[in-house]
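K.L.:
Input: one structure, supplied below.
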Amino acid sequence: MGRIVVIGAGLGAMAAAARLAVAGHAVTVYERTSTYGGAVGRFEREGFAFDTGPGLLHLPAVYRDLFVKTGKKPLEECVGLSQVDPAARHVFADGTRVDLPNASRAGTVAALDAALGAGAGERWGDFLVRAREAWDRTRRPLLEEPQPADPKALAREPYPALKAGLLRRPTRTLAQVGERELRDPRLVALLDSYAEAYGFPASAAPASAAVLPYMEQTFGSWYVAGGMRALADAVYERCRERRVEFVFGAAVADVLTEGGRAVGVRLESGEPVEADHVVAGAPVPALYREHVVAWERADEEWPRFQRHATGRLTVLLALRGAREKGAVHRTVVHGDGDRPTVTVLRPDDPALRPDAEHESVTVSARLDLVPEEDGAELADALVEAAAAAVPRLAERLLWREVRTPEDVRAATGSAEVPGPALADARGEWLPAPNLSPVPGLYFAGGWSHPGGGLAHAGMSGALVAGLIVEGAEFRGSQ
Ligand SMILES: Cc1cc2nc3c(=O)[nH]c(=O)nc-3n(C[C@H](O)[C@H](O)[C@H](O)COP(=O)(O)OP(=O)(O)OC[C@H]3O[C@@H](n4cnc5c(N)ncnc54)[C@H](O)[C@@H]3O)c2cc1C
């Protein structure tokens, strides 16, 4: 049995902690704030409650696996999981609207044909066939296995090249996928919005980001009753059942090494804590500047840290008046260059409102620029856009709370939110591997392989646990 120190109580780190405890290790989590969950936070006021981080779960299989492997009660007995149907309403810049059903290829094709004109659905369906090829090529190495020692093995564009006469034209960016294969600007906007949701600007994202709409439209979008914070509660509870210890208000200042190996951590209070293994679930660049710099210099050709992370602005809206009939859980209001694309979440969940005569709504957008001060001006733009998803929004508004990247930094340690790992020809979208360059130090959570997002961070926890329990030869368990 080894002593394991875990840095941070984010979802990726807790997923590792629970698995390591089941394997017989003595696990202690040091968390700098007063609570667990990191990005998966909750804001409450006057009977209204809001998720301040992710509002939906994709690939619930990752958490089902965690609960099966760490205890008797499956995930579904610990949280109320339901599929969100329609998965999303899209309101395009020209005013066209379409409701896309949850996890139904045929339904999506039919809805797009009806809303955008005959042939639009088929073009989207054909695109999904190619996206599936990219998914099949990358699912295991990118999501389910630790990053190979030589990540060049993953530096291949998995999205299939298109035939142009006798030649095959490689498709390198998501923008090229839209332009060459989807053509209709509304389908292009639809495609882009899946990348935007993870913080990737479509103009920069590699073609392999096509796996994001594939993943969502195939495995569905899921809501956790009471809000996503209930998932963090359940994972924390599972850790406690497995006797993982949590020390809150205990920031880790440094990783202690001896003879080049991690032997523990030093807390900000100055107290050293010995460990056989250290799992860093905190944002990697912030905490390991020293190691990161050394590492990057040694291997400049291969940027190992998730550089593709962006800020988020989230506006929490407390509304008077009941949620109208026909309201949908998620609406994506597409921007037009001047206006940002915003996601509006309206969960029909009594736990999030004081009574049936009120509603809590969350509006969020990816940010290229970190807003000045409180981001009030940008928040105005988001609320204005959200009016396309919430009838009579302005007159129903009781109050709003703006969550800026600084609030995200307070919750997680980083103002930016990292997205999932993606394959491309240069390996530029791969985050840090789980095995750090320092033996005994492992990286879990969104800043490490296989990247950010609830499901991906959960996988990172599984991979780190596998690497510690089975050793560096561990090749993934799912
Ligand atoms: C606003 C927002 C919106 C998001 N939307 C989505 C979405 O729609 N879909 C999706 O899948 N994902 C989304 N995410 C991302 C998702 O929430 C994360 O990828 C996921 O929760 C995994 O987080 P993590 O494991 O990396 O830990 P984090 O949540 O980053 O937590 C890190 C933890 O480490 C602690 N810590 C940091 N430094 C130290 C230190 N020195 N010592 C001790 N503890 C430390 C922090 O306090 C924090 O508790 C969103 C995130 C945010 C912030």
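The values are calculated or read from the model by the stated rules, or taken from the named source; none is laboratory data. Note that the structure is predicted; figures quoted are calculated from it, not measured. FYI the Cβ positions are ideal-geometry reconstructions off the backbone, even for glycines, and counts take in every protein chain you see.
K.L.:
Of the numbered conditions (1) crowded, with 18+ Cβ neighbours inside 10 Å; (2) among the basic types (Lys, Arg); (3) modelled with pLDDT under 95, residue 238 fails exactly one; give the number of that condition.
P.N.:
Only one criterion in (1) crowded, with 18+ Cβ neighbours inside 10 Å; (2) among the basic types (Lys, Arg); (3) modelled with pLDDT under 95 is unmet by residue 238, namely (3).
Conditions tested, residue by residue: (1) assigned to a loop (DSSP other than H, G, I, E, B); (2) farther than 18 Å from residue 14 by Cα; (3) in contact (Cβ under 8 Å) with a residue 40 or more places away in the chain.
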| site | (1), (2), (3) |
| --- | --- |
| 401 | no, yes, yes |
| 430 | yes, yes, yes |
| 438 | yes, yes, yes |
| 446 | yes, no, yes |
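K.L.:
Do we have residue 466 as more than 16 Å from the ligand (Cβ to nearest atom) and surrounded by 21 or more Cβ atoms within 10 Å (Cβ to Cβ) here?
P.N.:
When the stated conditions are applied, residue 466 passes them.
K.L.:
Something else now. Has region 60-72 got any residue that is touching a strand residue (DSSP E or B) at 6+ places or on another chain (Cβ under 7 Å), within 16 Å of the ligand (Cβ to nearest atom) and in contact (Cβ under 8 Å) with a residue 24 or more places away in the chain? Walk me through how you get there before you give the answer.
P.N.:
As a first pass, look at region 60-72 and keep what is touching a strand residue (DSSP E or B) at 6+ places or on another chain (Cβ under 7 Å): 60.
Add one more test, that the residue is within 16 Å of the ligand (Cβ to nearest atom), and what stays is 60.
Next, only the ones that are in contact (Cβ under 8 Å) with a residue 24 or more places away in the chain stay: 60.
Checking region 60-72: at least one residue is touching a strand residue (DSSP E or B) at 6+ places or on another chain (Cβ under 7 Å), within 16 Å of the ligand (Cβ to nearest atom) and in contact (Cβ under 8 Å) with a residue 24 or more places away in the chain.
K.L.:
Search region 20-33 for residues that are away from the ligand (no atom under 16 Å from the Cβ) and pair each with any residue that is part of a helix (DSSP H, G or I) and of a type in the set (D, E, K, R) when their beta-carbon atoms are under 8 Å apart and the residues are at least 6 apart or on different chains.
P.N.:
So the pair list comes out as 22/69.
K.L.:
Right, another one. Counting residues that are within 30 Å of residue 331 (Cβ to Cβ) and under 24 Å from the mean Cα position of the chain (by Cα), which strands (runs of 3 or more DSSP E) fully inside region 218-280 reach at least 3?
P.N.:
Output list reads 222-224.
K.L.:
Within region 39-55, which residues are under 17 Å from residue 11 (Cβ atoms) and touching a Pro at 6+ places or on another chain (Cβ under 9 Å)?
P.N.:
Matches in region 39-55: 39, 40, 51, 55.
K.L.:
Now for a different question. Taking the stated definitions as given, is residue 364 assigned to a strand (DSSP E or B), away from the ligand (no atom under 13 Å from the Cβ), on the phi < 0 side of the Ramachandran plot and crowded, with 20+ Cβ neighbours inside 10 Å?
P.N.:
No; evaluated as a whole, the condition is false for this residue.
K.L.:
Let me ask another. For region 402-425, check the following and say yes or no: at least one residue is surrounded by fewer than 23 Cβ atoms within 10 Å (Cβ to Cβ) and under 23 Å from residue 154 (Cα atoms).
P.N.:
The answer is yes, given that some residue of region 402-425 is surrounded by fewer than 23 Cβ atoms within 10 Å (Cβ to Cβ) and under 23 Å from residue 154 (Cα atoms).
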